[in-house]
Amino acid sequence: MLALRKTAPGPGLELVHLPVPEPGPLDVRIRVLRTGICGTDLHIQTWDDSARAMCDTVPFTPGHEFYGEVDAVGSDVPEVRIGDRVSGEGHVVCGTCRNCRAGRRQMCIRSRSVGVQRDGAFAEHVVIPHVNAWVHESQGRTDVISPELGAVFDPLGNAVHTALRFPLVGEDVVVTGAGPIGLMATAVARHAGARFIAVTDIAPHRLQMAVAAGADLAVDVTRTDLRTAQAELGMREGFDVGLEISGQASALQEMIENMNHGGRIALLGLPSRRFDIDWTTVITHMLTLQGIYGREMYETWNAMSALMTTSAQLRETVLATVTDVLPATSWAQGFEIARSGSGGKVVLDWSTV
């Protein structure tokens with residue numbers, strides 16, 4: 001099979017031929033149809049400090065956002081069947097630590113990530129535990145979940161986990177960062193009943209996409225601030241819920257300054273460095289700061305599947321975040337587009353290989 005491989009420590013990826021993997025007794029093998037390019041993949045390509053800290057085994061195959069068709073199952077797999085169309089939960093957990101045994105598998109202390117610490121889906125086939133396969137439709141059907149939509153269920157899960165961490169009905173929401181996940185979170189917040197939604201970014205095309213995703217106000221932070229945005233929206237008090245997705249120090253700092261007393265902030269964006277926080281405001285305004293990582297296993301998957309299958313409008317809005325679909329052999333162009341931020345989500349098509 002063809003695979004996009006990190007063949008050695010250092011910058012770059014290489015398209016190589018590998019043997020088709022065989023599933024173990026409790027595994028499924030998936031014929032990959034689409035894969036999304038994530039920020040993590042860009043770190044792995046560059047081989048920066050983040051990549052070196054995350055990736056403990058080289059060589060390996062990156063890629064953790066994917067959709068495909070099951071073409072082989074292990075002897076002890078109870079439910080997943082050949083022909084099922086699936087996405088994959090990328091965190092492979094131990095099952096025996098305290099959190100796993102308590103049903104908090106997303107907090108497993110020995111989690112191994114598909115495409116980071118084990119071979120991923122930038123390939124024609126990928127093998128994962130059967131419990132990590134999320135079945136959309138069977139026998140090759142794509143009536144509701146298209147290959148492109150299925151490929152972004154991983155980042156959609158991040159957005160849903162973040163957006164639904166706190167109640168949103170009637171609340172005023174600020175989203176910092178209008179990349180693909182920020183756009184998805186905006187769409188979910190709108191669907192969930194938020195009153196006003198303000199989205200911040202610096203890229204004009206992404207701010208336009210934020211309005212299309214459901215934002216009441218797109219805020220170019222190079223020209224205005226959140227205090228002015230509140231006035232434009234007619235808000236008398238600060239934001240009730242903050243969704244911090246940019247990972248930028250200035251974004252979180254300004255968010256904290258503009259939250260209502262008792263406001264709640266869900267933090268998904270990973271900062272590139274340590275920075276100061278106004279803890280006096282956090283304490284005296286009784287703010288809640290909640291870190292978010294990945295998806296709840298598997299409540300977030302249940303939630304986003306329900307959202308996608310019951311709302312055609314939300315489905316279309318989420319799918320609109322995918323702006324580029326390229327043949328897998330054009331992976332270098334796809335990585336360049338993703339790194340430039342000139343579009344939305346970039347997806348590679350493996351069905352044409």
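Values in this text are rule-based calculations from the coordinates and carry no lab data. Fair warning: this is a prediction, and the values are worked out from it, not measured in the lab. Quick reminder, even Gly has a Cβ in these numbers, built from the backbone with ideal geometry, and neighbours come from all protein chains shown.
Let me have the relative contact order for the stretch 226-353, percent, based on Cα pairs under 8 Å that are six or more residues apart. It would help to have the intermediate numbers written out before the result.
Working: 154 pairs, mean separation 20.7, N = 128.
Relative contact order for the stretch 226-353 comes out at 16 percent.
Which one, T321, T288, T176, has the greatest fluctuation when you compute a Gaussian network model over the chain with C-alpha springs under 10 angstrom?
Fluctuation is largest for T288.
Given a Förster distance of 35 Å, report the FRET efficiency between S272 and L18 from their Cβ-Cβ distance, rounded to the nearest 0.05. Walk me through the intermediate numbers first.
On the way: r = 33 Å, r/R0 = 0.93.
For R0 = 35 Å, the calculated efficiency reads 0.60.
Just how large is the dipole of the stretch 197-353 about the Cα centre, in debye to the nearest 20, putting +1 at every Lys and Arg Cβ and -1 at every Asp and Glu Cβ?
About 220 debye.
Between the alpha-carbon centers of the stretch 149-210 and the stretch 215-251, tell me the distance in whole angstrom.
The stretch 149-210 and the stretch 215-251 have Cα centres spaced 13 Å from each other.
Filter the trypsin sites (Lys or Arg not before Pro) in the stretch 74-149 down to the DSSP loop ones having no more than 16 other Cβ atoms within 10 Å, then list what survives.
Taking the stretch 74-149 and a limit of 16 other Cβ atoms within 10 Å, the loop trypsin sites (Lys or Arg not before Pro) found are R81, R104, R110, R141.
So which GluC sites (Glu not before Pro) in the stretch 34-112 are both in a DSSP loop and have at most 16 other Cβ atoms within 10 Å of their Cβ?
Numbers: sites: E65, E69, E79, E89; in loops: E79, E89.
Listed in order of number, the matching sites are E79.
Please compute P(r) over all alpha-carbon pairs of the stretch 1-70, binned at 5 Å starting from zero, and give each bin as a whole-number percent.
Cα pair-distance distribution for the stretch 1-70, in percent: 3, 15, 24, 23, 18, 13, 4, 0.
Rounded to the nearest 500 deg cm²/dmol, what is the calculated helix-only ellipticity per residue at 222 nm for the chain, with -39500 (n - 2.57) per DSSP H run of length n ≥ 4?
-8500 deg cm²/dmol
Treating the angle as unsigned and between 0 and 90°, give the value, to the nearest 10°, between the Cα long axis of helix 331-340 and the longest Cα principal axis of the chain.
The helix 331-340 is inclined about 10 degrees to the chain.
For the stretch 42-168, what class follows from the C-alpha gyration tensor (a ≥ b ≥ c being the square roots of its eigenvalues): rounded when a/c is under 1.5, otherwise prolate if a/b is larger than b/c, else oblate?
Values: a/c = 1.32, a/b = 1.21, b/c = 1.09.
It comes out rounded by the Cα gyration axes.
How big is the stretch 243-288 along each principal axis, measuring the range of its Cα positions in Å and listing the largest first?
Projected onto the principal axes, the Cα atoms of the stretch 243-288 cover 27, 18, 13 Å.
Throw me the Rg/Rh for the stretch 188-338, computed over C-alpha atoms with Kirkwood Rh, two decimals.
Values: Rg = 17.2 Å, Rh = 17.4 Å.
With Rg and the Kirkwood Rh in hand, the quotient comes to 0.99.
Quick check: the angle from helix 204-213's long axis to the longest principal axis of the chain, C-alpha only, nearest 10 degrees?
90
Which of I245, I292, I283 moves the most in a Gaussian network model of the chain with Cα springs under 10 Å?
Checking each option, the largest mean-square fluctuation is seen for I283.
Over the stretch 112-190, one equal point on each Cα, no solvent: what is log10 I(q)/I(0) by the Debye formula at q = 0.23, 0.25 Å⁻¹?
-1.16, -1.22
Between helix 299-310 and the chain, what is the angle of the helix's C-alpha long axis to the longest principal axis, kept within 0 to 90° and rounded to the nearest 10?
For helix 299-310, the angle is close to 90 degrees.
Give me the net charge for the shell around A218: Cβ to Cβ below 15 angstrom, other residues only, Lys and Arg +1, Asp and Glu -1.
Numbers: positive: R190, R206, R223; negative: D201, D216, D220, D225, E232.
With Lys, Arg at +1 and Asp, Glu at -1, the net is -2.
Could you tell me which residue out of V131, A192, C108 lies farthest along the dipole of the chain toward its positive end? Charges go on the beta carbon: Lys and Arg +1, Asp and Glu -1, centred on the Cα centre.
The residue sitting most towards the positive pole is C108.
For the stretch 156-242, what is the convex hull volume of its Cα atoms per residue in Å³?
Numbers: hull volume 6.4 nm³, N = 87.
Per residue, the Cα convex hull of the stretch 156-242 comes to 74 Å³.
Would you please report the Å³ per residue occupied by the convex hull of the alpha carbon atoms in the stretch 50-105?
Numbers: hull volume 8.8 nm³, N = 56.
That works out to 157 Å³ per residue.
Any idea which of P21, P78, F153 is furthest toward the positive side of the dipole for the chain, if Lys and Arg beta-carbons carry +1 and Asp and Glu beta-carbons -1?
So the residue we want is P78.
Over all alpha-carbon pairs in the chain, figure out the percentage whose distance exceeds 35 Å. Mind dumping the intermediate values first?
Details: 13754 of 62128 pairs.
Cα-Cα pairs in the chain separated by more than 35 Å: 22 percent.
Mind putting a number on the dipole of the chain about its Cα centre? Charges go on the C-beta only, +1 for Lys and Arg and -1 for Asp and Glu, and I need it in Debye to the nearest 20.
About 560 debye.
Using a Förster distance of 30 Å, how high is the FRET efficiency between V353 and A203, based on the Cβ-Cβ distance and rounded to 0.05? Let's see the in-between values first.
On the way: r = 32 Å, r/R0 = 1.06.
E between V353 and A203, to the nearest 0.05, is 0.40.
Ignoring chymotrypsin sites (Phe, Trp or Tyr not before Pro) that are buried or in helix or strand per DSSP, and keeping those with at most 16 other beta carbon atoms within 10 Å, what is the longest stretch of the chain between them? Intermediate results must be reported in sequence, preceding the final value.
Values: sites that count: F275, Y293, Y298.
Excluding the exposed sites themselves, the longest stretch runs over 1-274.
Please give me, ordered by residue number, the trypsin sites (Lys or Arg not before Pro) of the stretch 249-333 that lie in loop per DSSP and have at most 16 other Cβ atoms within 10 Å. Mind dumping the intermediate values first?
On the way: sites: R264, R273, R274, R295, R315; in loops: R273, R274, R295.
In loop regions of the stretch 249-333 (DSSP not H, G, I, E or B), the sparsely surrounded trypsin sites (Lys or Arg not before Pro) are R273, R274.
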